[in-house]
Amino acid sequence: MRAEATIVEHPIDRERHVVALRGAVDLFTASELKEVFAQAIEAGRIRIIVDLAETTFLDSSALSVLMVAHKRLRSCDGALAIVNLNENLRKIFKITGLDQTFTILPTRDAALEAVSSASTA
């Protein structure tokens, strides 16, 4: 039996939004995560922080959803930052080269500052 993953959203203001992932995020959760990002972006929340403090695993489908959200946010002058990577997740990002693609920071406060001042123009 697989551990159930959950997605918890924390809207901060009109543009900033935190998405916290808990558990093992895999194919079963990826479609829900994709919808969470789509709804947030459609609502104008184009500065998103993904908090992985309680995430135990991300599979390729979850990484793909993060990449699509990142690209979509950049296309609308938004930003995405990832925070609170544990050592296993840090290795996944490093092995896949995604540590060079995403803004990865140690805390939500640092990420909030980064996405607030980010501009892709």
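Quick notes on this one:
- Radius, Kirkwood style, for the chain when every pair of distinct Cα atoms is counted (Å): 14.1
- Loop-located trypsin sites (Lys or Arg not before Pro) across segment 11-57 with a Cβ neighbour count of 12 or fewer within 10 Å are R14, with loop assigned by DSSP.
- Tensor-based shape of segment 1-46 (alpha-carbon gyration tensor, a/c under 1.5 rounded, otherwise prolate or oblate): oblate
- Entry note, the chain: the mean residue ellipticity at 222 nm calculated from DSSP H runs of n ≥ 4, each adding -39500 (n - 2.57), is -13500 deg cm²/dmol after division by the residues and rounding to the nearest 500.
- Under-5 Å amide H pairs with T107, H placed in peptide plane, nonlocal only: N84
- For segment 71-87, the Karplus equation 6.51 cos²θ - 1.76 cosθ + 1.60, evaluated at θ = phi - 60°, returns couplings of 5, 5, 5, 4, 5, 10, 6, x, 8, 10, 10, 10, 10, 6, 6, 7, 4 Hz by residue, with Gly and Pro reported as x.
- Here the chain has 52 percent of its accessible surface on carbon and sulfur atoms, given a 1.4 Å probe and all protein chains in place.
The values are calculated or read from the model by the stated rules, or taken from the named source; none is laboratory data. These numbers come from a predicted model, not from an experiment. Note: ideal-geometry Cβ built from the backbone for every residue, glycine included; neighbour counts use all protein chains shown. Accessible surface is based on the protein model in full, side chains and every heavy atom, while ligands, DNA and RNA are left aside. Shrake-Rupley method; radii C 1.70, N 1.55, O 1.52, S 1.80 Å.
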